[in-house]
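The values are calculated or read from the model by the stated rules, or taken from the named source; none is laboratory data. As the structure is a prediction and not an experimental result, all values here were calculated from the model. In this analysis, Cβ positions are derived from the backbone assuming ideal geometry, glycine residues included, and neighbour counts consider all displayed protein chains. Remember, those area values only see protein heavy atoms, side chains included, never the ligands or the DNA or RNA. Shrake-Rupley method; radii C 1.70, N 1.55, O 1.52, S 1.80 Å.
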2 protein chains.
Amino acid sequence: MSNLSSTFAALGDATRFAIVEKLLQEGELPAGELQNVGQISAPAISRHLKVLRKAGVVEQRIDAQRRLYSVRPEAVQAIGAWSMSYREFWQKSLDRLEAALLQESTKK
Amino acid sequence: MSNLSSTFAALGDATRFAIVEKLLQEGELPAGELQNVGQISAPAISRHLKVLRKAGVVEQRIDAQRRLYSVRPEAVQAIGAWSMSYREFWQKSLDRLEAALLQESTKK
DNA sequence: CTATTATTTAACTATTATGTTAAATAATGT
DNA sequence: ACATTATTTAACATAATAGTTAAATAATAG
């Protein structure tokens, strides 16, 4: 499985996506602070974090008895790089679409 | 489930990711042409295409008895937009990392 | 050493996903 | 109508995923 596809798989679960969004917005957080992303038990969160870590989406730092998690910038960047590598394709298509809509609104 | 998370889920399967990459590189293709993305049966490909379609990643066009598939530019663009919305975060972090590596190589 | 706090692992269950083969549907050509 | 080509749906088996509670581990404080 390509590295990117594993990244997508990790983000393809709603709970994990919510965890990542929260970490992106609030920065490094302990596992316990991530429980409120849904009504879900601590063990469930812990396992989602393990999946995210294995996929290279988050990393862990230890501080006393807490485990602090944060998003690995490389992961988010890699996703953007993939999309951008096809930019010519989607930019062109979307420009065409926009032109067609403009044409439509100006018609008659 | 957020729309983006469904998109990620669709791309999070290695076979589907390969299908999408092939469509991005070669443009619109009939279902039959997508079988060689792995040693997999036609029904399996058909169902992957259904998942991709439901997630809004690909669209279908009918031409006689063939079903032609292509990638929806909006899907790829949306992924890029998500990554870019956190650009400040990852750009900063990666700049710091680069600076640290430069520091390292110049040291002593 | 014992208690407390934070988190993970184990064991188990239920649901979902993926693949297969066989049959059905769609569209065209004879 | 029948055969051919292209693709999907049905039915089924198996594997993977995600959730739960209970127990274990980690680290600190008393």
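Computed quantities for the displayed model
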quantity: Cross-link partners of A:LYS22 among lysines (Cα-Cα below 21 Å; sequence separation of 8 or more within a chain); calculated: A:LYS50, A:LYS54, B:LYS92
quantity: Inter-copy separations for B:PRO30, label at 7 Å along Cα-Cβ, nm, ascending; calculated: 6.2
quantity: Simple spin-label estimate for B:ALA44 and A:GLU98 in nanometres, 7 Å along Cα-Cβ; calculated: 4.1 nm
quantity: Other copies of B:LEU68: label-to-label distances in nm, shortest first, labels 7 Å along the beta-carbon direction; calculated: 5.5
quantity: 5 angstrom amide H check on B:ARG72, placed H, neighbours 5+ away; calculated: B:VAL58, B:GLU59
quantity: Counted charge near A:GLU28, where neighbours are those whose Cβ lies closer than 15 Å (Asp, Glu -1; Lys, Arg +1); calculated: +3
quantity: Rounded accessible area of B:ASP95 (nearest 10 Å², 1.4 Å probe); calculated: 80 Å²
quantity: Kirkwood-Stokes translational diffusion coefficient of the protein assembly as shown, alpha-carbon pairs, 20 °C, 1.002 mPa s, µm²/s; calculated: 111 µm²/s
quantity: Å² per residue, accessible surface of region B:1-101 at 1.4 Å; calculated: 54 Å²
quantity: Inter-part distance where region A:6-50 and region B:41-108 are each reduced to a Cα centre, Å; calculated: 20 Å
quantity: Translational diffusion coefficient (Stokes-Einstein; Kirkwood radius from C-alpha pairs) of region A:3-106 at 10 °C, 1.306 mPa s, in µm²/s; calculated: 102 µm²/s
